[in-house]
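Worksheet: the structure to be examined is printed underneath.
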Amino acid sequence: MFKKLFLIACLMSSLFAFEKENIQKQMSENIHQVLNILKNTNISKTEKNDKIIKIIDKSFDYNIMSMLVLGRTWKTISSEQRENFSNIFIKRLKESYIDKLELYNDQKIKINDLKENKSRLVLNTILIGKKENYPIDYKFYQNRKNNQWYVYDVNILGVSIIQTYRKQFDEYLKEKTIDDLIKYLKEKNLKA
């Protein structure tokens, strides 16, 4: 179920970086755009995936996500290791997302409140299922360079995607090196 909810969360976050006052409106518009791509039977699965990834790429700050999932380790590694890790991690996120596209089957989305939490924003949404409803919260931060807001984390049923990866990577790095983790993620990407 978590994998299915992760897919829906990614679908819902398919929007461009935007200004604070437009987050809810743009989120709604882009959800419909992505859902229409998924429902289109005239294009191939690969073409659907490519179109959706292009939309998602504009809303997520993958570099911040890469930094957050490594936590303190980020500061201890070289810039080359950071770049290698980010590239592999981003690819892993996208492949994981693409794998889950097949799980979507006409759920409805309700966009609720946009709440301010210090210098961050949280958009509360609900996935309306046939039997149950599931809360999905999108966490945004403001990029100071362009004053636009980007998704840096998603909470599904109260579970943070960033925290989940961080725990996994922290455990892995207790016994192995960052280069081992990069190699491991590369191998996972090849198998996907």
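Across the options Ile162, Gln107, Met65, the greatest Cα extent toward the positive end of the charge dipole of the chain (unit charges at beta carbon of Lys, Arg, Asp, Glu) belongs to Gln107.
Computed over protein heavy atoms with a 1.4 Å probe, the accessible surface of the chain works out to 57 Å² per residue.
Using the Cβ-Cβ distance between Lys54 and Asn112 with R0 set to 30 Å, the FRET efficiency from 1/(1 + (r/R0)^6) comes to roughly 0.65. In deg cm²/dmol, rounded to 500, what helix-only [θ] at 222 nm does the chain give when every DSSP H run of at least 4 residues adds -39500 (n - 2.57) and the total is split over its residues? Taking each H run of at least 4 residues, the total per residue is -17500 deg cm²/dmol.
In this rough spin-label picture, where each label sits 7 Å from Cα along the Cβ direction, the Asn143-Ser28 distance is 2.6 nm. Residues whose amide H falls under 5 Å from that of Gly129, counting only those 5 or more places apart or on a different chain, are Tyr134, with hydrogens built in the peptide plane. Between Lys75 and Glu21, the C-beta separation translates, for a Förster distance of 41 Å, into a calculated FRET efficiency of about 0.75. With the convex hull drawn over the C-alpha atoms of segment 20-78, the volume per residue is 114 Å³.
Out of every Cα-Cα pair that the chain contains, those further apart than 24 angstrom amount to 40 percent.
Comparing Val151, Val34, Val159 in a Gaussian network model of the chain, where Cα atoms under 10 Å apart are tied by springs, the biggest mean-square fluctuation is seen for Val159. Across segment 62-79, rounded Karplus estimates of 3J(HN,Hα) from the backbone phi angles (6.51 cos²θ - 1.76 cosθ + 1.60, θ = phi - 60°) give 5, 5, 5, 4, 4, 5, 5, 5, 8, x, 4, 4, 3, 6, 9, 9, 6, 5 Hz, Gly and Pro being marked x. Sequence-distant contacts, meaning Cα pairs under 8 Å at least 6 residues apart, place the relative contact order of segment 87-192 at 20 percent. With a Förster radius of 25 Å applied to the C-beta separation of Ile128 and Ser160, the computed FRET efficiency comes to 0.70. Across segment 164-171, coupling constants 3J(HN,Hα) worked out from phi with the 6.51/-1.76/1.60 Karplus curve, θ = phi - 60°, read 4, 4, 4, 4, 4, 6, 4, 4 Hz, and Gly and Pro carry x.
The per residue volume of the convex hull around the alpha-carbon atoms of segment 90-175 is 156 Å³. Per-residue Karplus couplings for segment 115-126, computed as 6.51 cos²θ - 1.76 cosθ + 1.60 with θ equal to phi - 60°, are listed in order as 10, 9, 10, 6, 9, 10, 10, 10, 9, 8, 10, 9 Hz, Gly and Pro entered as x.
For the chain, the relative contact order comes to 23 percent (Cα pairs under 8 Å, sequence separation of at least 6).
Taking only the Cα atoms of segment 141-182, the radius of gyration and Dmax are 14.4, 40 Å.
In a simple Cβ point-charge model (Lys, Arg +1; Asp, Glu -1; nothing else charged), the chain has a dipole of about 140 debye relative to its Cα centre.
The values are calculated or read from the model by the stated rules, or taken from the named source; none is laboratory data. This one's a predicted model, so the numbers in the text were calculated from it and none came from an experiment. Counting neighbours? That spans all protein chains shown, and the Cβs are built from the backbone with ideal geometry, glycine included. What goes into the accessible areas is simple: the full protein's heavy atoms, side chains included, and nothing from ligands, DNA or RNA. Shrake-Rupley method; radii C 1.70, N 1.55, O 1.52, S 1.80 Å.
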